[in-house]
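Remarks on the structure that follows.
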Amino acid sequence: MKVIATDKAPGAIGPYSQGFITNGFVFTSGQIPVDPATGEVPEGIEAQAHQSCKNVGALLEAAGSGFDKVIKTTCFLADMGDFAAFNAVYAEYFTSKPARSCVAVKALPKGVLCEIEAIAEA
């Protein structure tokens with residue numbers, strides 16, 4: 001196994017890694033919309049969805065993979081009322097339409113509105 005570590009995505013805020021590469025696959029930890037350069041969270045679901053996608057992209061890039069190699073994502077929303085707006089942004093990045101689960105959760109770290117994790121080919 002190889003640990004994925006990049007400063008182009010937020011560092012882990014707990015006892016976990018940004019992701020792993022193993023057996024030809026990339027597994028990312030869930031990416032919340034924290035700007036790694038500033039530590040700030042943008043306002044609104046669209047901006048937060050963009051930042052979460054960018055963070056996933058940074059991990060994929062660090063692993064030598066990319067959005068086109070994503071097999072499965074799991075998406076978490078703080079409010080299912082944001083589903084359509086989230087989908088519109090998500091579709092700009094995950095153009096290969098990987099398998100996906102999307103669930104509403106009671107709360108997310110730092111009070112963010114969305115989180116995305118991915119499994120991809122390395």
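Listed values, structure above:
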{"item": "Between the stretch 92-117 and the stretch 61-82, the Cα center-to-center distance that results, in Å", "result": "7"}
{"item": "Distant-in-sequence amide H partners of ALA104 (H built 1.01 Å from N, under 5 Å)", "result": "LEU77"}
{"item": "Antiparallel bridge percentage (DSSP; both residues within the chain; nearest 5)", "result": "75"}
{"item": "Per residue accessible area of the chain, 1.4 Å probe, in Å²", "result": "51"}
{"item": "The chain, helix-only ellipticity at 222 nm - DSSP H runs n ≥ 4, -39,500 (n - 2.57), divided by all residues, nearest 500", "result": "-7500 deg cm²/dmol"}
{"item": "Fraction of accessible area attributable to carbon and sulfur, the chain (%, probe 1.4 Å)", "result": "55"}
{"item": "Choice from LEU77, LEU59, LEU108 showing the highest fluctuation, given a GNM over the chain with Cα pairs closer than 10 Å", "result": "LEU108"}
{"item": "Cut-off 11 Å between beta-carbons: net charge of the residues surrounding GLY30, Lys and Arg +1, Asp and Glu -1", "result": "-2"}
{"item": "Stretchable slack from CYS102 to PHE20, in nm (0.36 nm times residue separation minus alpha-carbon distance)", "result": "27.3 nm"}
{"item": "Phi-based couplings in Hz for the stretch 54-60 (Karplus 6.51, -1.76, 1.60; Gly and Pro marked x)", "result": "4, 5, 4, x, 5, 5, 4"}
{"item": "Nearest 10 degrees, 0 to 90: helix 83-93 Cα axis against the chain principal axis", "result": "30"}
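The values are calculated or read from the model by the stated rules, or taken from the named source; none is laboratory data. Fair warning: this is a prediction, and the values are worked out from it, not measured in the lab. FYI the Cβ positions are ideal-geometry reconstructions off the backbone, even for glycines, and counts take in every protein chain you see. The area values use the complete protein model at the heavy-atom level, side chains included, leaving out ligands, DNA and RNA. Shrake-Rupley method; radii C 1.70, N 1.55, O 1.52, S 1.80 Å.
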